[in-house]
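Taken together, the values in this text are just the output of simple stated rules run on the coordinates, not laboratory data. Note that the coordinates shown come from a computational prediction; the quantities given were computed from them, not determined experimentally. Here Cβ is always computed from backbone atoms with ideal geometry, including for glycine, and neighbour counts include all displayed protein chains.
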Amino acid sequence: MNGIALASGLVLSIVIHLPAALAAPVASGSGGAVATISAQASESAMRILNQGGNAVDAAVAAAATLGVTDPFSCGIGGGGFMLIYLAKEGRVITIDHRETAPASASPALFKSDGKAIDFDAAVASGAAVGVPGTVRGWHEALQRYGSMQFKQVLAPAIEVATKGFKLNENFFHLTSGNERKFQQFAPTAALYLKDGKALPAGTLLKNPGMARAYREIASGGVKAFYEGPIARAIVEAVNQPPVAAGASVRPGRMTLADLANYEARIRRPLHSSYRGYEIYGMPLPSSGGATVAEALNILEGFELKTLPRERAEHLYLEASRLAFADRDAYLADPEYVDAPLPGLLSKDYAAQRRKLIGERAAVKVAAGDPYPYQDDQSVPLRPNRERLRRESAHTTHLAVSDKDGNVVAYTFTLEDWGGSGIVVPGYGFLLNNEMTDFDFEGPHPNVPEAGKRPRSSMAPTIALRNGKPAFTVGSPGGATIITTVLQSIVNYVDLGMPMDAAIDAPRISERNGEASSVEPGFAGSAQARALEARGHRWDPKAEEIGAANAIVFNPDGTVTAVSEGKRHGVGTALVQKRGH
């Protein structure tokens, strides 16, 4: 194993075991740092750091625990994107372990009689399940960049799954919203419902099946998941969904070969610059890095810090609108679609797009033409420029750094809340519905194909300044991930907000629609009225947008970990204290 060298020296850590209701969303210090939405997950990461593990080891430990405590957003039945800054080498790398379409997939996957099937029916089905990538991604991270084995980093999660944890109001709320889906599958209902209803807050939830899965991975490694009994259980659950009496869902067509052949991809990060920062994000098939970068390129032509807040926010919304128009037109799995990334990320192209921004809000702008702004100006078949399906907003993000300066920004998912709704019998983890992240109808670059990875919006981001980490930020939220990360960066870099304020600020998400998504309580505010005067319109949501986590690397050598202070339950930030 090629682990990151661990510097010698005594490190003292403070880990406060608090109930979630008392979790602290901001912490500062001079050692390793972690920010997640779960107190148990943050404590798991800190436990690994205390044992001498590095940021990669701690990130996997936190992620495994989130699979227990935040099982409707993430887990080993899904996939994700990990961004890593390697301090010793001074470079950023990425691990793409996005779920992949089985070999049986085709553009007609979600069609019946030539027409797209109902979206909700597609979600709660075996056909919705892509080949999970999470465990392979963890394996690659640990083997290439970690210093510990699965046995060590999975131990905290096994303990939480075995002993159980008390459900909070947010968990109850999420389960209640999924009752109808969960009722369709017997093992899911048995684990998360009682008499068909959500378990109340305060319930001690144990998951012996997930503990069993983690133990098998800890002892047998990655093959235990992709070639052993777990693999066989996944294939059976996909192809013959374990439905409750009277329920009927669309089966999938996954094989053991689909699982055995799954590969994580080590990719070069997408790189851009913004006001003296070097911004690193995920490359395709995640559209997050490219869309954030294009929007920042557009905004760089405006001196936002000198403008009234409402005008700065207007420009943020319009830059996001333009970038999303291009995202929907061009971006997909790079192994299947030749996306014009050099043109889209050109500063000259951004200057042309910037000219389209006026003093009033536009409505559904057209995609631009980036081809003249890159060396290869050949134009492939132009894709459909309309987004053809809705996107779910249910993912999780974590941030970890260690005392040696390594940084991990990690976003992973099941796609919808609770994924497909299918718990793998005997193993306690939910399977994703990532196949519904494809467009159901074409022509479009993001239609299903065998072995293809659906386009994502995940945008884990690491910013360097003078070659050293300055901050990292990321969020869940489907397509609103992009706008949450973009708005957080603008708030922090341009508007001068501390990172906790940048994250806590009311979120507005413009994705080239007729109205911008806003959080409860925003419509009718003075901020909203000022933007309405410029023609902006709102689509109020019933829940908060995103759940960001960040770490700031301060000029004096200290770090500040920041988690959500109000959305989806209070997150937990922890920082080590360096011994002297």
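In table form, for the structure just shown:
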| item | result |
| --- | --- |
| Projected label distance in nm at D118 and K88, using a 7 Å step from Cα toward the beta-carbon | 5.6 nm |
| Loop-located GluC sites (Glu not before Pro) in the stretch 476-580, at most 14 other Cβ atoms within 10 Å (DSSP) | E514, E543 |
| Net length gained if the chain between D404 and T306 were fully extended (0.36 nm per residue, minus Cα distance) | 31.6 nm |
| FRET efficiency, K194 to Q51 (Cβ-Cβ, R0 51 Å, nearest 0.05) | 0.85 |
| Distance violations [Cα-Cα > 19 Å] among K181/K223; K166/K194; K166/K577 | K181/K223; K166/K577 |
| Residue exposure sequence - R534, R321, R98, R327 - by fewest surrounding Cβ within 10 Å | R534, R321, R327, R98 |
| Span per principal axis, largest first, for the Cα atoms of the chain (Å) | 71, 57, 47 |
| Length released on extending from V363 to M497, taking residue separation times 0.36 nm less the Cα-Cα span | 45.3 nm |
| Given charges at beta-carbon only (K, R positive; D, E negative), |dipole| of the stretch 181-246 in Debye | 160 debye |
| Those lysines that a straight Cα-Cα span of less than 16 Å connects to K88, excepting residues fewer than 8 apart in one chain | K403, K468 |
| Estimated distance in nm for a label pair at A201 and E227, the labels positioned 7 Å out from Cα along Cα-to-Cβ | 4.7 nm |
| Trypsin sites (Lys or Arg not before Pro) within the stretch 42-92, DSSP loop, no more than 14 other Cβ atoms inside 10 Å | K88 |
| Residues of type aspartates and glutamates that K206 reaches as a straight line, Cα spacing below 15 Å, ignoring anything fewer than 8 places off in the same chain | D70, E159 |
| Sequence-distant residues sharing a close amide H with K452 (under 5 Å, placed H) | A101 |
| Total charge dipole magnitude, the chain, about the Cα centre, Cβ charges on Lys, Arg, Asp, Glu only, Debye to nearest 20 | 660 debye |
| Cβ-defined net charge surrounding G442, 11 Å radius [Lys, Arg +1; Asp, Glu -1] | -2 |
| Ellipticity estimate at 222 nm from DSSP helix runs (n ≥ 4, -39,500 (n - 2.57)) divided over the chain, nearest 500 | -9000 deg cm²/dmol |
| Contour excess over end-to-end distance, with Cα ends at Q240 and N554 and 0.36 nm allotted per residue | 107.8 nm |
| Tensor-based shape of the stretch 20-72 (alpha-carbon gyration tensor, a/c under 1.5 rounded, otherwise prolate or oblate) | oblate |
| Centre separation in Å (Cα based) which lies between the stretch 93-144 and the stretch 470-521 | 27 Å |
